[in-house]
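Visitor: One structure follows; several queries about it will come next.
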Amino acid sequence: MAYGDLPLDAPHKPNKGHEGGACNRQSCQAEPALWWNHGSHSWYCGDCARDIGSDVVNKRHWDLRWLPECGHPQFETREMMNARAK
């Protein structure tokens, strides 16, 4: 189920926001959620991660405030985080 296909008050899947589960975005329950958002501390599907991460306001805020301190993008896959941790 892609973003916007569900009403805002749709019941959430029990695995919403979990790694490999349903996307954490309000009106999305696409699976698998493989992108970790370092801002919200939840997992998102690829489409929503791209949409949220490329939003002009979100990207500017992350790039100015958090990227210099954290040194990584707002959204990462488990593989990206593991490679960075080595």
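Visitor: Could you run through the stretch 9-46 and say how many residues are among the small types (Gly, Ala, Ser), modelled with pLDDT of 95 or more and over 9 Å from the mean Cα position of the chain (by Cα)?
Guide: 3
Visitor: I'd like the residue in the stretch 21-39 that is within 17 Å of Gly53 (Cβ to Cβ) and not in a loop (DSSP other than H, G, I, E, B) and, out of all such residues, is least open to solvent (accessible area, probe 1.4 Å). Quick ask: steps written out before the conclusion?
Guide: First, pick out the residues of the stretch 21-39 that are within 17 Å of Gly53 (Cβ to Cβ): 23-26, 28, 30, 33-39.
Checking which are not in a loop (DSSP other than H, G, I, E, B) leaves us with 35-37.
Details: Trp35: 79, Trp36: 50, Asn37: 8 Å².
Among those that are within 17 Å of Gly53 (Cβ to Cβ) and not in a loop (DSSP other than H, G, I, E, B), it is Asn37.
Visitor: Taking the stretch 47-76 as the search range and keeping residues that are under 12 Å from the mean Cα position of the chain (by Cα) and in a loop (DSSP other than H, G, I, E, B), which one is farthest from Ala33 (Cα to Cα)?
Guide: Pro73
Visitor: Moving on to the next point. Confirm whether Pro7 is loosely packed, with under 15 Cβ neighbours inside 10 Å, free of Cβ contacts under 8 Å to residues at least 24 places away in the same chain and either touching a His at 6+ places or on another chain (Cβ under 6 Å) or part of a loop (DSSP other than H, G, I, E, B) (or both). Steps first, please.
Guide: Numbers: loosely packed, with under 15 Cβ neighbours inside 10 Å: yes; free of Cβ contacts under 8 Å to residues at least 24 places away in the same chain: yes; either touching a His at 6+ places or on another chain (Cβ under 6 Å) or part of a loop (DSSP other than H, G, I, E, B) (or both): yes.
So Pro7 fits the description; yes.
Visitor: Look at Trp43 and say whether it is in contact (Cβ under 8 Å) with a residue 40 or more places away in the chain, outside any helix (DSSP H, G or I) and closer than 21 Å to Arg78 by Cβ. Break it down into steps so the answer makes sense when it comes.
Guide: Working: in contact (Cβ under 8 Å) with a residue 40 or more places away in the chain: no; outside any helix (DSSP H, G or I): yes; closer than 21 Å to Arg78 by Cβ: yes.
Criteria not met by Trp43.
The values are calculated or read from the model by the stated rules, or taken from the named source; none is laboratory data. In this text the structure is predicted, and so the values were computed from the model without any measurement. Backbone-built Cβ (ideal geometry, glycine too); neighbour counts: all protein chains shown. With ligands, DNA and RNA removed, areas are computed over all heavy atoms of the protein, side chains included. Shrake-Rupley method; radii C 1.70, N 1.55, O 1.52, S 1.80 Å.
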